[in-house]
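The structure appears right after this line, and notes come after that.
Each value in this text was obtained by applying a stated rule to the coordinates, not by laboratory testing. These numbers were taken from a predicted model, which means no experiment stands behind them. Counting neighbours? That spans all protein chains shown, and the Cβs are built from the backbone with ideal geometry, glycine included.
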């Protein structure tokens, strides 16, 4: 049974930022309600293969954190859920909020389900997996990944044969615990919390907005997160680098930087900050898997300002023979099973044409759509792009204009993983400081 202390925090978003903040607050003895819109926690980091600049396995770092979060006695998880309404306490009742949480029906009784996976094995429906960036398939009843926490499936009503045609019921017939419940309905839960941390994360600029790079319709042109899934041992190709169009090993791969970023005339004016580093990482990992392959990186300039970051990009060039070309790609053209990359090398002043087997585009980072909705609900300001604005960016980077509401991670703008973790820790520290001040004041008043 979960302990329910008098002061608790709502954290919206259970990526690495939300989990870090949740664990720091819970480990200090205060309750946390952690809400995640997806069926399991982990966020974008769960889709990564390795991390820069150490090339450590992302899952090796993340999985212990997700397991600890999922089993912590002071963290109450609401996955497959959304915050529908937030109302501040009436004047005179102190800082706090009444929150309405909507939990979507999974059509699986998670209290009974053991996570054996038998239902997924027997389901006859296969659809594109959003988690795999549509490079792999999932079933109509599914978990996001083999490492999912909680490891409980949900039924995709849109693709389930029973919900669409009233037939099949294979998952129900074969479930050994009788956990399938087609009559399950959405649930609404009202809670009271005394602080809120927004950790809703980011999205990527859709390739459909980049006609110069195929507009998302050109074969063998994928975004960087899709390439992460190709690199991942738990991904659709079990870590083998294979072209989506025909399953062959690409011998020439082109990485295109600043796709939608730093382009105020057509797209977005700001730098997405992490692309230079993950492109170097991806090019290196490609070379480690395809030893006779050639990687090219088209870049405007290299922004690698973190500790050991510049050395990492130099290692890609010098040890892994990644060819960096300073210039923009003007367009892509598909011909004879290749993707022709047309661009310029501004250092040599030459026009470049590469017949690539695979092109990996690094799209701009965007605030998650939930961020703007929650900002409107709480009366918080955003910039013109939708990133949340802190109370003061230099001295109060995790606080907001609203007392009791804090920011963690990429809700304020692009960040890498170490910065996100530090930012989330700062938000948790502010919550704990507020709680200690409040409990101290209450103790003083009681005396």
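Dimensions of region 1-154 along principal axes (Cα, Å, largest first)?
56, 41, 27
Going by C-beta contacts inside 10 Å, put 60, 171, 160, 258 in order with the fewest on the left.
Details: 60 10, 171 27, 160 20, 258 24.
Listed from fewest to most nearby Cβ atoms, that is 60, 160, 258, 171.
Could you work out how far helix 16-27 tilts from the main Cα principal axis of the chain, as a 0 to 90 degree angle to the nearest 10?
Computed tilt is about 30 degrees.
Pull out the extension gain between residue 102 and residue 147, defined as 0.36 nm times the separation in residues minus the alpha carbon to alpha carbon distance; nm, one decimal. If you can, show how the numbers build up before the last one.
Details: separation 45, 0.36 × 45 = 16.20 nm, distance 2.48 nm.
Roughly 13.7 nm would be gained on extension.
Does anyone have the angle between helix 58-71 and the longest principal axis of the chain? Alpha-carbon axes, 0 to 90°, nearest 10?
Computed tilt is about 10 degrees.
Quote to one decimal, in nm, the extra length available between residue 377 and residue 163 on full extension: 0.36 nm per residue of separation minus the C-alpha distance between them.
Net length gain for the segment: 73.7 nm.
Based only on the alpha carbon positions, what is the Kirkwood hydrodynamic radius of region 284-332, in angstrom? Kindly include the intermediate steps, with their values, before the conclusion.
Details: mean 1/r = 0.0843 Å⁻¹.
After inverting the pairwise mean of 1/r, the radius is 11.9 Å.
In a GNM of the chain with a 10 Å cut-off on Cα contacts, which of 55, 374, 388 has the highest mean-square fluctuation?
The residue that fluctuates most here is 55.
Could you tell me the largest-minus-smallest coordinate of the C-alpha atoms of region 177-216 on each of the three principal axes, in descending order and whole angstroms?
The Cα atoms of region 177-216 stretch 48, 38, 17 Å along the principal axes, largest first.
Calculate, for residue 109 and residue 54, the FRET efficiency according to 1/(1 + (r/R0)^6) with r their C-beta to C-beta distance and R0 41 Å; round to the nearest 0.05.
On the way: r = 41 Å, r/R0 = 1.01.
That gives a FRET efficiency of 0.50.
So for 387, 110, fewest C-beta neighbours within 10 Å to most, what's the order?
Values: 387 22, 110 18.
With the sparsest Cβ surroundings first, the list reads 110, 387.
Using a Förster distance of 22 angstrom, determine the FRET efficiency expected from the C-beta separation of residue 305 and residue 394, and round it to 0.05.
0.80
Could you work out the Rg to Rh ratio of region 106-182, with Rh taken as the Kirkwood radius (inverse of the mean 1/r over all Cα pairs)? Can you show the working numbers first?
On the way: Rg = 11.7 Å, Rh = 12.5 Å.
Taking Rg over the Kirkwood Rh, I get 0.94.
On a 0 to 90 degree scale, rounded to 10, what angle separates helix 309-318 from the longest Cα axis of the chain?
Approximately 30 degrees, to the nearest 10.
Given 10 Å bins starting at zero, what is the percent of C-alpha pairs of region 206-365 in each, up to the one with the largest pair distance?
11, 42, 38, 8, 0
How many times 2.2 N^0.38 Å is the alpha carbon radius of gyration of region 176-281? Intermediate values should be presented prior to the final figure.
Numbers: Rg = 20.1 Å, N = 106, 2.2 N^0.38 = 12.9 Å.
It is 1.56.
Calculate the all-directions average of the projected area of region 27-85's alpha-carbon convex hull, and give it in nm².
Over all viewing directions, region 27-85 projects a mean Cα-hull area of 5.2 nm².
Can you give the FRET efficiency to the nearest 0.05 for residue 289 and residue 188, using r as the Cβ-Cβ distance and R₀ = 35 Å? Display every interim value, and only then the final one.
Values: r = 48 Å, r/R0 = 1.36.
FRET efficiency, residue 289 to residue 188: 0.15.
Taking the chain as the region of interest, what is the percent of Cα-Cα pairs per 10 angstrom bin, listed from the shortest bin to the one with the maximum distance?
Pairs per bin, as whole percents: 4, 19, 28, 25, 17, 6, 1, 0, 0.
For region 335-421, what is Rg from Cα atoms divided by 2.2 N^0.38 Å, rounded to two decimals?
On the way: Rg = 20.2 Å, N = 87, 2.2 N^0.38 = 12.0 Å.
Output field value: 1.68.
Whole percent per 5 Å bin, from 0 to the bin with the longest distance: what is P(r) over all C-alpha pairs of region 63-111?
P(r) over region 63-111, rounded to whole percents: 4, 16, 15, 17, 20, 14, 8, 4, 1.
Starting with the fewest neighbours, write out 333, 284, 434, 365 ranked by other beta-carbon atoms found within 10 Å of each beta-carbon. Working shown, then result.
Values: 333 13, 284 23, 434 19, 365 26.
Taking fewest neighbouring Cβ atoms as first place, the list is 333, 434, 284, 365.
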